[in-house]
Amino acid sequence: MTYVTGLFLIDANASALNNLGAIEGERYDNSTGVKVIRTNEGFYPYISAQAFRYWLRQTLQQSDFGWKSAPVYREEKIAYTDANPIKWWDDDLFGYMRAPSKRESAKAKREADSSRMGETETTDTITRTSPFRVSTLVSIAPVRPTNDFGVMSRQDGDPVPHEHQFYRTTLQGLFSLSLKSSGTFWYKKKTGFRNLDDVRIDQAKAENLELLEDEKAYRLPKDQRLQRITSLFEGMAKIEGGAKLSIHYTDVSPVVVILAVTKGGNHIFSHVIGENKGRPEVNLEALKESLQIFNDEIVSDIFIGWVRGYSEEERNKIEAFAKTAEAKTENGKEIKLSHPREAFKNLIAEMKKPENSVWLE
């Protein structure tokens, strides 16, 4: 089973990308704090995986990649998507949980809601484990958030004071995409793998999806699966989002990425980037070890994207290392260095080669 395994860095120059709301005990009632992990070493600002996935969904919805987003429905205190991975690309790659209420009152309310025209009928509880997994994005080094004081003074009367926190750091995240699971929908009676109920199974049959009888699954054609996967990575390369952009304007697209197609879902690059005085530092020994130990599990070249001008000395280290014999695995895979957007494009091009279609099996 193969995965796209990736690491990425975001340069948060002066940012408050994920906030926790009001801070109790501060001098002003409207003091806003940032999310941090508190350790003995200090405070590590972070961005939740939920926030990052939200940014990515929004970027994909607003893109020209042809992305097809599922509608979201609301019932009192719960909300859910259409939960149809055959039709909607984000239901496929981001997963879902759908357990519709069987109460007559809830059913009548759904039927009376004109905004739900075209909704896929759901006859049973269905869940889908997300093929796309992403970590919490965490600062590579501890920092002390800055408290910024401001006032609202455009109105008559006394100015209204307010305060918010922000920080300067580099945030690191990990992600993984199961290539087999992308575009493959199970109907097993198992949590996470009961992707299809009877209605969706009938749709799979009507659209002539490939039946994997031994696995109790249906699968989209490879060209459709690749279209969804490549759109996801195009969105990651150009991702936008985050809080306080009107006053901090942080570009959250990756300044560094490390990408490869690997066997197994364990992350092989998680210790390649360290830090020195708060700045990222490439651990070449860790990279060499990964290329040696995981030689049999790396099935593509290693695509590294590094923006010129960002920690230029570390980029130069990668560039020099890539020219050595140690930068190649025993099975001939090598490091290819470029801009992060180019790294995603090169990975996509590799995936589209006919000889690599086996990665989707």
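Work out Dmax and Rg for segment 264-320 from the C-alpha atoms and quote the Rg first, both in angstrom.
Rg, Dmax (Cα atoms, Å): 12.3, 35.
Over the Cα atoms of segment 236-361, how large are the radius of gyration and the largest Cα-Cα distance (Dmax), in Å?
15.7, 49
At R0 = 30 Å, how high is the FRET efficiency between Arg144 and Asn266 if r is their beta carbon distance? Nearest 0.05 is fine.
0.35
Between Asp296 and Ala79, what is the label-point separation in nm under the 7 Å Cα-to-beta-carbon projection?
The two pseudo-label positions are separated by 4.7 nm.
Using the Cα centre as the reference, give the magnitude of the dipole from point charges on the C-beta atoms of the chain (Lys, Arg: +1; Asp, Glu: -1; all else neutral), rounded to the nearest 20 debye.
Details: 50 positive and 52 negative charges, 92 e Å.
Dipole of the chain, to the nearest 20 debye: 440 debye.
Please name which of Ile247, Thr136, His164 has its Cα lying farthest along the dipole of segment 130-286 towards the positive end, using unit charges on Cβ (Lys, Arg +1; Asp, Glu -1) and the Cα centre as origin.
In segment 130-286, that residue is Thr136.
Regarding the chain, what whole-number volume in Å³ per residue does the convex hull of its Cα atoms give?
189 Å³
Asp113 to Glu213: FRET efficiency via 1/(1 + (r/R0)^6), r the Cβ-Cβ distance, R0 35 Å, to the nearest 0.05? Before the final figure, lay out each step's value.
Working: r = 38 Å, r/R0 = 1.07.
Calculated transfer efficiency: 0.40.
Which lysines, if any, have their Cα less than 21 Å from the Cα of Lys238, not counting same-chain residues under 8 positions apart?
Candidates past the 8-residue exclusion: Lys68, Lys336, Lys345, Lys352.
So for the pair Arg154, Met1, with labels modelled 7 Å out along Cα→Cβ, what separation do we get in nm?
5.3 nm
Once you put a point 7 Å from the Cα of Ser338 and another 7 Å from the Cα of Met97, both along the Cβ direction, what distance in nm separates them?
3.9 nm
Using the Cα gyration tensor of segment 167-281, with a ≥ b ≥ c the square roots of its eigenvalues, what is the shape: rounded (a/c below 1.5), prolate (a/b larger than b/c) or oblate (neither)? Can you show the working numbers first?
Working: a/c = 2.88, a/b = 2.12, b/c = 1.36.
Judged from the Cα gyration tensor, segment 167-281 comes out prolate (a/c at least 1.5, a/b above b/c).
Return the Rg/Rh ratio of segment 160-201 with Cα-based radii and a Kirkwood Rh.
Details: Rg = 21.4 Å, Rh = 15.1 Å.
The Rg/Rh ratio comes out at 1.42.
A short reminder: the numbers here are calculations on the coordinates, not readings from a lab. The model shown is predicted, which means the values in this text are computed figures rather than measured ones. Cβ: placed from backbone, ideal geometry, glycine included. Neighbour counts: every protein chain shown.
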